[in-house]
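Written below as structure tokens is the structure these notes are about.
Only the coordinates and a few stated rules stand behind these numbers; no lab work does. What you see is a predicted model, and the numbers here were worked out from it, not measured in a lab. No Cβ is skipped: glycine too gets one built from the backbone with ideal geometry, and neighbour counts run over all protein chains shown.
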Amino acid sequence: MAIERQSDSGKPRRRQIPYRPELKELVQAKRESSVRCEVGENDFKGWHERGYLPHRDEPGLVQFVTIRLIDSLPVDRRSEWTHLLEASNSRTERKKLESFLDKGCGGCWLKTDSVASMVEESLLFGNGHAHEIMAWAIMPNHVHVLLRQHESLGVIIGGWKKFSARRANRVLTRTGSFWAPDYWDTFMRDTEQERQVIDYIENNPVKARLSETIGGFRWSSARRRDRYGRLVL
């Protein structure tokens with residue numbers, strides 16, 4: 001993930017991707033040992049890097065994705081999150097960073113039901129074609145999603161952001177960026193990790209004290225599960 005700098009006015013400056021030759025060498029080695037997949041105009045990136053961790057973008061992968069609002073890491077609290085963002089390749093630091101998001105900094109535009117509804121609609125659009133949604137939670141200033149990808153992850157997420165941002169800005173009578181430019185992604189290595197992430201996502205609203213029960217939160221996949229735990233869309 002690239003480092004996101006902000007000016008004193010709160011507007012994001014051009015992102016600076018750190019120079020890490022050891023990461024580039026690692027990604028190159030992974031590329032050489034795997035086959036890069038390409039599907040039409042939506043080219044998969046295979047193994048790649050965006051400044052920190054190596055990322056993987058291939059058809060059929062199950063990915064845990066977090067996208068956040070543009071103001072979710074505010075300038076006036078920079079001392080609390082800068083070191084976490086720059087060290088987000090550590091699993092421990094990543095959890096601390098997500099805990100910071102749970103504090104609900106920024107405008108928290110996703111608290112508005114009509115905006116949350118638009119975001120949920122964007123996540124489910126293309127389900128079964130571009131991707132298969134496995135779990136989600138729309139928090140006040142960020143969104144967690146677990147999905148199986150059939151198109152390039154960047155294409156999927158770009159579509160979500162474009163679809164929801166324009167409509168949300170109209171509802172909120174605002175202009176400018178809505179989503180932060182980058183996203184966090186982790187591909188799942190096995191079904192046990194998938195199960196753990198589903199539990200994490202659907203428990204997040206309870207952990208953040210937005211709901212007393214998992215199924216009681218309106219904007220999560222938990223309320224769409226049947227008595228056997230199957231997701232019903």
Can you give me the pair-distance distribution of the range 135-233, C-alpha pairs, 10 Å bins, whole percents? 13, 40, 37, 10, 1
Residue-span extension gain [Cys108 to Asp199] - 0.36 nm each, minus C-alpha spacing: 30.4 nm
Quickly rank 140-146, 107-113 as a protection proxy: mean count of other C-beta atoms within 10 Å, highest first. 140-146, 107-113
Over 19 Å between Cα atoms: which of Lys103/Lys207; Lys111/Lys161; Lys95/Lys207 fall into that group? none
